[in-house]
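**Student:** Dropping the structure in here first, questions after.
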Amino acid sequence: MLLERMPLWLAHTNAWIVSAQGAGGECVLVDAPPDPRAILDRLDHHGIRLVALLTTHGHIDHVGGIAEVVKAQNQPVPVRLHQADHYMLDDPVGTSGAFGRFLEQAGLDLRPPEVVEGITDGERISGAGMTFTALHTPGHTEGSVCFLLEAEGHQPVMFSGDHLFKGSIGRFDLPGGSFEKLMASMAEKILPLDDDIAVLPGHGQSTTIGHERRTNPFLLQLRHQLGQSLS
């Protein structure tokens, strides 16, 4: 399996290239920061064909490259984004705050792609011979989603976007954010997961569910509130 992290743009946002077949095959892209040329160059480097684009949430540092990446393909590429965050893709400059002026200077094509499909909690999304389970985890934004990939013969991985990081959690002070919702999502969707699942976040380095369960101060506090053993 090919699994490549690309930290891109001003916020060093991770785009993830995922392929069960590896070089020369098909792939899924998780998030597309506003650095489409770098993404397209890596796809070309691997000789790999993009067949689906999964988006963890609608913030511009995760969706700003979608239009140009999709437009550069030789066939329609479905984009998946939770419907609660569609408004950010429709107006990326107006909803990106201070980042808006950098987008305007970059001259990117920010028009929404033709095919944007919503996501429902628990939905199984297939692409490039893989199946991802969508976990709706509101809190960072209303439409935040984590994607769980379980492929035979490989360690299960979860693309956590800006919901869970190594040693921390996503911001909840931006429009659509809520600490209470984020922690409720964490309790319902993340804490029940197996310890050996790798966590591939939207920023920074990878970790595991088990490591975060034992060391992440936010998860430790949550477990204490839930009355779970911390041993």
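**Student:** Select from region 54-83 the residues that are assigned to a strand (DSSP E or B) and in contact (Cβ under 8 Å) with a residue 60 or more places away in the chain and list them in ascending order.
**Tutor:** L54, the sole residue that qualifies.
**Student:** In region 166-180, what count of residues is obtained for those that are over 20 Å from T95 (Cα atoms), in a loop (DSSP other than H, G, I, E, B) and more than 16 Å from the chain's Cα centre (by Cα)?
**Tutor:** The number of residues fulfilling the criteria is 1.
**Student:** Under the condition of being in contact with a Pro (Cβ under 7 Å, 6 or more places away or on another chain) and assigned to a loop (DSSP other than H, G, I, E, B), which residue from region 142-165 is nearest to H82 (Cα to Cα)?
**Tutor:** Across region 142-165, the extreme among qualifying residues is S144.
**Student:** Does M6 satisfy being surrounded by fewer than 23 Cβ atoms within 10 Å (Cβ to Cβ), among the hydrophobic types (A, V, I, L, M, F, W, C) and under 22 Å from T141 (Cβ atoms)?
**Tutor:** The answer is yes for M6.
**Student:** Can you list residue pairs whose Cβ atoms sit under 6 Å apart, with the first residue in region 151-164 being of a type in the set (S, T, N, Q) and the second being surrounded by 22 or more Cβ atoms within 10 Å (Cβ to Cβ)? Count only pairs 6 or more apart in sequence or on different chains.
**Tutor:** S160/C146; S160/V199; S160/P201
**Student:** Same structure, new question: Just one of (1) part of a loop (DSSP other than H, G, I, E, B); (2) hydroxyl-bearing (S, T, Y); (3) under 22 Å from T95 (Cβ atoms) trips up S185, so point out which.
**Tutor:** It fails just one condition, (1).
**Student:** In addition: Quick check on A72: is it closer than 18 Å to E114 by Cα and at pLDDT 95 or above?
**Tutor:** yes
**Student:** I'm trying to understand the selection: among the residues of region 167-182, which are surrounded by fewer than 20 Cβ atoms within 10 Å (Cβ to Cβ) and not small (G, A, S)?
**Tutor:** Across region 167-182, the qualifying residues are R171, F172, D173, L174, P175, F179, E180, K181.
**Student:** Can you tell me which of (1) in a loop (DSSP other than H, G, I, E, B); (2) over 12 Å from the mean Cα position of the chain (by Cα); (3) at pLDDT 95 or above is the one H86 doesn't meet?
**Tutor:** Every listed condition holds for H86 apart from (1).
**Student:** Of all residues being among the small types (G, A, S) and crowded, with 24+ Cβ neighbours inside 10 Å in region 144-160, which is farthest from I119 (Cα to Cα)? Just the residue, please.
**Tutor:** S160
**Student:** On to the next question. Among (1) buried (at least 24 other Cβ atoms within 10 Å of the Cβ); (2) farther than 17 Å from A128 by Cβ, there is one condition H86 misses while meeting the rest; what is its number?
**Tutor:** Every listed condition holds for H86 apart from (1).
**Student:** Looking only at region 9-38, filter to residues that are free of Cβ contacts under 8 Å to residues at least 40 places away in the same chain and under 15 Å from the mean Cα position of the chain (by Cα); which one of those is farthest from V70 (Cα to Cα)? Don't jump to the end; show me each part of the working.
**Tutor:** So in region 9-38, the residues free of Cβ contacts under 8 Å to residues at least 40 places away in the same chain come out as 17, 22-24, 32-33, 35, 37-38.
Keeping just the survivors that are under 15 Å from the mean Cα position of the chain (by Cα) gives 17, 32-33.
On the way: I17: 14, A32: 10, P33: 13 Å.
That would be I17.
**Student:** Going through region 191-231 one residue at a time, which ones are closer than 30 Å to G64 by Cα and either under 15 Å from the mean Cα position of the chain (by Cα) or of a type in the set (S, T, Y) (or both)?
**Tutor:** A198, V199, L200, P201, G202, H203, G204, Q205, S206, T207, T208
**Student:** Test V51 against the criterion of being assigned to a loop (DSSP other than H, G, I, E, B) and surrounded by fewer than 23 Cβ atoms within 10 Å (Cβ to Cβ), and give yes or no.
**Tutor:** So V51 fails the test.
The values are calculated or read from the model by the stated rules, or taken from the named source; none is laboratory data. Given the structure is predicted, the values throughout are model-derived calculations rather than measurements. Ideal geometry is used to build each Cβ from the backbone, glycine not excepted, and the neighbour counts take in all protein chains shown.
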